[in-house]
1. Could you please tell me which pairs satisfy a Cβ distance under 6 Å, a separation of 6+ or placement on different chains, a first residue in the range 124-138 that is closer than 16 Å to Glu152 by Cβ, and a second residue that is at pLDDT 75 or above and aliphatic (A, V, I, L, M)?
2. Would you be able to say whether some residue in the range 117-132 is surrounded by 12 or more Cβ atoms within 10 Å (Cβ to Cβ), over 19 Å from Arg40 (Cα atoms) and at pLDDT below 70?
3. Name the pairs: first residue in the range 139-157 and closer than 13 Å to Val89 by Cβ and among the small types (Gly, Ala, Ser), second residue assigned to a loop (DSSP other than H, G, I, E, B) and open to solvent by 60 Å² or more (accessible area, probe 1.4 Å), Cβ to Cβ under 9 Å, at least 6 apart or on different chains?
4. Of all residues in the range 147-184, how many are among the charged types (D, E, K, R) and over 26 Å from Leu130 (Cβ atoms)?
5. Within the range 134-149, is even one residue over 21 Å from Arg97 (Cα atoms) and open to solvent by less than 70 Å² (accessible area, probe 1.4 Å)?
6. Taking the range 18-37, which residues are closer than 15 Å to Glu73 by Cα and open to solvent by 50 Å² or more (accessible area, probe 1.4 Å)?
7. Between Glu160, Glu169, which is among the acidic types (Asp, Glu) and crowded, with 17+ Cβ neighbours inside 10 Å?
8. Please work out which residue is surrounded by the most Cβ atoms within 10 Å (Cβ to Cβ), limiting yourself to the range 68-90 and to residues that are aliphatic (A, V, I, L, M) and over 15 Å from the mean Cα position of the chain (by Cα).
Amino acid sequence: MTAQAGPAPPAPWLSDALLAIRASEGDEDAFALLVRRHSRSLLLLATHILGNPQDAEEAVQDAFVSAWRRLPEFRHGAAFTTWIYRITVNRCLNARRRRRPPLPLDEVAEPAAHEARSSPSRTAEEDAALAALATALGGLKADQRVCWVLREVHGFSYTEIAHMTGASEEAVRGRLFRARRSLKEAMAPWR
């Protein structure tokens, strides 16, 4: 007598679209693969928006729980990445609204390891510039900050950002313009 095995786990090379279809049909392994694929970039996004790694982890977990529950609503013609980013952005914005006053971004992701020939004074200067950038980012309005992070850190197009934030493409362009102008002014001493 042979043991009956369940369905084979999804192959890691399957597209997000196919995995999302399988997940919406109840395939937990397909959804787990989507979580593994996207959790790192979503955590980076949430950390930049919220400024706190613990809050970011909670927002990303909430986003994935929400996505799992809402998979039947997912339009499979849309990109899963755009859909999960939008859910995550919404969770982050809700978390920022719940905590008043908004906390400034105190930390920026650690820079890559410094080269051996980097001097202590250069390292201190770079750390001070990163702290100034973190402060400037923390001073942006939430909608400007979200658009800036999605564009400059994650490289999304204006159209994708508009879809993720629920704003028009023109609004996204305006928010990015204002964010860049504010950051340019704040970082002027570091040029």
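1. Short answer, once both residue conditions are applied: Ala136/Leu183; Ala136/Ala186.
2. No, there is no match, as no residue in the range 117-132 is surrounded by 12 or more Cβ atoms within 10 Å (Cβ to Cβ), over 19 Å from Arg40 (Cα atoms) and at pLDDT below 70.
3. As it stands, the answer is Ala142/Pro102, since those pairs meet every condition given.
4. Within the range 147-184, residues that are among the charged types (D, E, K, R) and over 26 Å from Leu130 (Cβ atoms) number 4.
5. No, there is no match, as no residue in the range 134-149 is over 21 Å from Arg97 (Cα atoms) and open to solvent by less than 70 Å² (accessible area, probe 1.4 Å).
6. Ile21, Arg22, Glu25
7. Result of the check over Glu160, Glu169: Glu160.
8. Only one residue tops the list, namely Leu71.
The values are calculated or read from the model by the stated rules, or taken from the named source; none is laboratory data. Every value quoted in this text rests on a predicted model; they were computed, and no experiment measured them. Methodologically, a virtual Cβ is constructed for each residue, glycine included, from the backbone with ideal geometry; neighbour enumeration extends over all protein chains shown. Areas reflect the complete protein model, heavy atoms only, side chains present, ligands, DNA and RNA absent. Shrake-Rupley method; radii C 1.70, N 1.55, O 1.52, S 1.80 Å.
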